[in-house]
1. Put E12, E138, E171 in order of accessible area, largest first, 1.4 Å probe: what do you get?
2. Can you tell me the relative contact order of the stretch 1-69? Whole percent, Cα pairs under 8 Å, sequence separation 6 or more.
3. Which value, in Å² and to the nearest 10, is the accessible area of V38 when all protein chains are kept and the probe is 1.4 Å?
4. So, R0 is 41 Å and r is the distance between the beta-carbons of T9 and A167; what FRET efficiency does that work out to, to 0.05?
5. What does the accessible area of F104 come to, in Å² to the nearest 10, when a probe of 1.4 Å is used?
6. Quick one: order V196, V19, V146 from most to least accessible surface, probe 1.4 Å.
Amino acid sequence: PPIPDPSATELERLDPRTVIIVGGTAVISASMETALGVLLPNATITRIAGANRYETNAMFSAATFPIEGWASIPAIAFTGNTPDVDAVYLGFTYAYNNSDGALFAAIQLPHGAEILELKAEGYDGDVTNNLGVSLYRESQTLNTAVIATVSTSGTPFATTISTTTIAAGTEIVDNENYAYAIYLSGVDFDPNINTVMVRYRLGASTG
């Protein structure tokens, strides 16, 4: 600061609601950020800054051009109380152990991504024993939270068992502090899962 008069005049004329500073405080000072806040009281000011110019560029690119993708795990990844595979459709062959109705599998999601959707595919021919799929977040101290759940809800489903959407920004992947896993319930001879998919967005737009 001070902000040059021509720039200040134009900024006041534009009266933006969002201002994004690209660069750390070594490049664009905290006092300049404060001056912008005073000049533009209606604006929300955020900063994109990495450890160096290369990381900052990568972060800016991710914020400007977000990437959506799917993380999926096949049914063969699920194990029960013993290392086996339960009610999994593999081509035209079933492999199942009816004693393990609750199955678990880890799923790897990109750090910092927003979780947007949980989807499961398979078949439930037994309406008396609902098939459920849940996405879990677990801390290092074994505190577990359910992020999303889909279920057959008493009606036979084929191909897409169920899908649920998660509001953007409500669940951000934090691989430093949490592990993520899929939990299946109700798996038996007829109810089976082919695959479980989680949709995510990496680098959500800030503008």
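The values are calculated or read from the model by the stated rules, or taken from the named source; none is laboratory data. The shown structure was predicted, so the numbers you read here are calculated from the model rather than taken from an experiment. In this analysis, Cβ positions are derived from the backbone assuming ideal geometry, glycine residues included, and neighbour counts consider all displayed protein chains. These accessible areas exclude ligands, DNA and RNA; they are computed on the full protein's heavy atoms, side chains included. Shrake-Rupley method; radii C 1.70, N 1.55, O 1.52, S 1.80 Å.
1. Details: E12 105, E138 75, E171 25 Å².
Order by accessible area, largest first: E12, E138, E171.
2. 34
3. For V38, the solvent-accessible surface is approximately 110 Å².
4. The value I calculate is 0.55.
5. My reading of the accessible area for F104 is about 110 Å².
6. Values: V196 0, V19 25, V146 80 Å².
Most to least solvent-accessible, the answer reads V146, V19, V196.
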